Amino acid sequence: MVLYFDVFRHPVRPAEAAWMCGGPVGGVIREAVSAGALVETQGFLVRPGRADTVQRRRERAEHAERLWPAAMRAAGLLSSLPFVRGVLLTGGLSKLSSEPGGDADFLLLVEPGCVWTTKTALQVMRRGLPEDLRRLFCTNYLLSTHTLELDDRDVFTAFELATSIPLSGGPLCADFIRANAWARRWIPGLDWAVARAEAAPVGTVHPSRLAPLARCLDDRLQRRWDSLWNRKYDWLADDVRARRFKRSSDRATNHLHDFRGFVIREYRARCAELGIDPADAS
């Protein structure tokens, strides 16, 4: 766990390690510190020689706290959209870590048959916003409530799932986390994330007369996005483009750069240095 977050230069608090591990970890920490594998400093766990990352985490936490109110307003707007049934904050901000001018990343749970209509509407909205507001609406992952399982089942996705913060549609968000129980391979304490989701606001579902129209348009809009991405990113290999730009009736993602792959490679390299099994990271 410490090695994973070291990829981001993000030291871990013992309490954070405890909830992600699903129980007390004091004994394990003492053994690791005694063996020289970990250093406990200023209330954080770090790798030897990485104590400087504590100050970095504190600075990024300050930036995150300044960004938080604006991100919450953005989440409120997203939750009020006609077909959105759940809103989860992801990325660095969900770990209270940001840089000046950082983004707010969201995963949206969307009514079946309305994924691409919603994505298109969000894209139109974002284009009309100035840059400082546009960064508050990074909706890089839309998932139909009909299919809550994630198809990427690796260490990166597991940690993003467990640390996501449900902000609207709490019960549905809890179902979403439960549907991805495979993440327990890396996050044994996933029940903590489920409990947090259950305590999140339910949100208000507004019946929309536009739903039949949206469902009629959705397939056509999906094909338009498919054509756009194939043309715009034709320099990517077909399998790479398909993996980074998911295009199905129940999910839409767009990640030009392979950040997930980078994190997994760095994590596995750190595990290899210490002879630790990465638990089949990818």
Residue in region 32-53 that is among the charged types (D, E, K, R), buried (at least 20 other Cβ atoms within 10 Å of the Cβ) and in contact (Cβ under 8 Å) with a residue 40 or more places away in the chain present: no
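Out of the residues in region 250-270 meeting the condition of being in contact with a strand residue (DSSP E or B) (Cβ under 7 Å, 6 or more places away or on another chain) and surrounded by 15 or more Cβ atoms within 10 Å (Cβ to Cβ), tell me which one is modelled with the lowest pLDDT.
Here the answer is Asn254.
Any residue at all in region 173-180 that is in a helix (DSSP H, G or I), over 22 Å from Pro24 (Cα atoms), in contact (Cβ under 8 Å) with a residue 40 or more places away in the chain and outside the structural domain of Gly22 (by TED's automatic domain parsing)?
yes
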Filter pass, Arg196 being surrounded by 17 or more Cβ atoms within 10 Å (Cβ to Cβ), out of contact with any Leu (no Cβ under 7 Å at 6 or more places or on another chain) and over 30 Å from Ala174 (Cβ atoms): no
Filter result (free of Cβ contacts under 8 Å to residues at least 60 places away in the same chain, more than 17 Å from Tyr4 (Cα to Cα), out of contact with any helix residue (DSSP H, G or I) (no Cβ under 7 Å at 6 or more places or on another chain) and of a type in the set (A, V, I, L, M, F, W, C)) within region 54-76: Ala61, Trp68
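Quick test for you: out of Asp277, Asp238, pick the one residue that is farther than 21 Å from Gln123 by Cβ, assigned by TED's automatic domain parsing to the domain that holds Trp116 and either more than 25 Å from the chain's Cα centre (by Cα) or surrounded by fewer than 17 Cβ atoms within 10 Å (Cβ to Cβ) (or both).
Just a single option satisfies the conditions, and that option is Asp238.
The values are calculated or read from the model by the stated rules, or taken from the named source; none is laboratory data. As the structure is a prediction and not an experimental result, all values here were calculated from the model. FYI the Cβ positions are ideal-geometry reconstructions off the backbone, even for glycines, and counts take in every protein chain you see.
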